[in-house]
Amino acid sequence: MQKDRRQKDYDYVKQVSDSQNFLTSRKLIQRIVGLAGLQREDTVLEIGTGKGHLTEELCRKAGKVCSVEIDSRLVENAKKRLSNYDNVELTAGDFMKYRLPEKGAYQVFANIPFFLTTQIVEKLTQGMNPPANMWLVMEKGAAKRFLGLPKETQKSLELKVRWKMKMVYHFRREDFHPKPSVDCVLVHFSRKAVPDLNGREYTEFQRFIGQAMKYGLTGKGGPLTKRQAATALKKAGMYHAYEDGATLYIQWLCLFRCYQELRGRRR
């Protein structure tokens, strides 16, 4: 059993390492890190030190850099590369087991392993002390799902309650080594100072969206009738001919408020 566990751990580390596509162009790294506008008072968390190219530029811009790398060989190489910097803290380990800062402001800048994109985003956005900003290099397809393009998903709607998201840079496949088989982008997640819904409302919103996604917003078993949805949007000045899948986030919020009001009347 212990041997099986060691093999499983080895396979996982290898999968993470094999899924990494490194950015090595100093000019490109300087360009994308420059988009974050980091200052000397900023603390930055990096997921995947890799060969240390991105880490080095982060050290030049930020006051403190905490970088986590699962591949011990890469950690040792990065230590040599970053030996002249006293503002970097390298951790050898799995980010999914890494304890995020429990207090204090911090930002995240990372070229993440693509196969762990969803898990990493969930960990960062659902923690007790989420980062103020996240700059994540990811597959374009995953980015579009988080942003709700071409249509909103339950995940994109849940994220938008607390986060603003935007694709801020489109890479060429040749920018990476090894070259990925998919298009990649840099996504900026900015945490809203005040969420659009409080904790209790957010839980109810999740149920509302789940029901709408399963049965259709105005379908049989859906949370609203067609008349209720049309009336709510018209009253808010947001009415137009729409299909459930094309409904915008701001419209979903409006419809949720209508749903809340109707539920309140029934009680």
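Read the figures in this text as sums done on the coordinates, not as results from a lab. Here the structure is a predicted model, which means the values were calculated and not measured. Virtual Cβ from ideal backbone geometry, glycine too; neighbours counted across all protein chains shown.
Here are the numbers for this structure:
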read-out	value
Distance between the stretch 46-70 and the stretch 212-236 - C-alpha centres, whole angstrom	47
Anisotropy class of the stretch 199-266 from Cα gyration tensor, a/c 1.5 cut	rounded
Gain on full stretching of the segment that runs from Thr203 to Met128 - 0.36 nm per residue minus C-alpha separation	25.4 nm
Backbone N within the stretch 124-154 under 11 Å of label point (7 Å from Thr118 Cα along the Cβ vector)	none
Estimated FRET transfer efficiency when R0 is 30 angstrom, pair Ser190-Arg99 (beta carbons, to 0.05)	0.80
Farthest toward positive dipole pole in the chain [+1 Lys/Arg, -1 Asp/Glu at C-beta], among Gln260, Val121, Phe205	Gln260
Charge dipole magnitude, Cβ of K and R +1, D and E -1 - the stretch 2-191, Cα centre, debye nearest 20	300
Antiparallel bridges, percent of DSSP beta bridges restricted to the chain (to nearest 5)	50
Against the rule of thumb 2.2 N^0.38 Å, how large the Cα Rg of the chain comes out	1.16
Potential lengthening between Arg31 and Met238 on full extension [0.36 nm per residue; Cα-Cα distance subtracted]	70.6 nm
